[in-house]
Amino acid sequence: MQAIQKRQTNSLRSLFEGFANSGIKFREKVCEECGWSESTFYRKMRQEKINDPANPGHMINSLSRAEREKIKDLAWEVQQDLKDLL
């Protein structure tokens, strides 16, 4: 009976794939947590300010404070996933 060899992974490849996929993972988590479509994610990413519907002629932030905090938390999660690959 031959000993079963454990297949070793290429750590460079694992790190590269982790970094390459981190942006996608981040976008997917934000869309899920915020209830956004992919197109809403990219629109909000491009816009810093939007017209205030309650006050015509004035601009407001495109992200609420709660959305900004949630996005920061999700960014930390994705960063931790990358650290775990090390």
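Values computed for the structure shown
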{"quantity": "For the chain, projected area of the alpha-carbon convex hull averaged over all directions, nm²", "calculated": "8.3 nm²"}
{"quantity": "Residue-normalised accessible area of the chain, given per residue in Å² at a 1.4 Å probe", "calculated": "86 Å²"}
{"quantity": "Sulfur and carbon atoms: percent of accessible area, the chain [1.4 Å]", "calculated": "52 percent"}
{"quantity": "Spin-label pair Trp76/Arg43, simplified geometry with 7 Å Cα→Cβ offset, distance in nm", "calculated": "3.0 nm"}
{"quantity": "Calculated over region 39-86: convex hull of Cα atoms, volume per residue (Å³)", "calculated": "82 Å³"}
{"quantity": "Helical contribution to [θ] at 222 nm, DSSP H n ≥ 4, -39,500 (n - 2.57), averaged over the chain, rounded to 500", "calculated": "-21500 deg cm²/dmol"}
{"quantity": "Cross-link reach list, lysines versus Lys25, counting only Cα pairs under 19 Å and skipping chain neighbours closer than eight places", "calculated": "Lys44, Lys70, Lys72, Lys83"}
{"quantity": "Burial ranking of peptide ranges 29-35, 61-67 (average Cβ count within 10 Å, highest at the top)", "calculated": "29-35, 61-67"}
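The values are calculated or read from the model by the stated rules, or taken from the named source; none is laboratory data. All values reported here derive from a predicted model rather than from experimental measurement. So basically every Cβ, Gly included, is an ideal-geometry build from the backbone, and we count neighbours across all protein chains shown. Side chains are part of the model used for accessible areas, which takes the heavy atoms of the whole protein and leaves out ligands, DNA and RNA. Shrake-Rupley method; radii C 1.70, N 1.55, O 1.52, S 1.80 Å.
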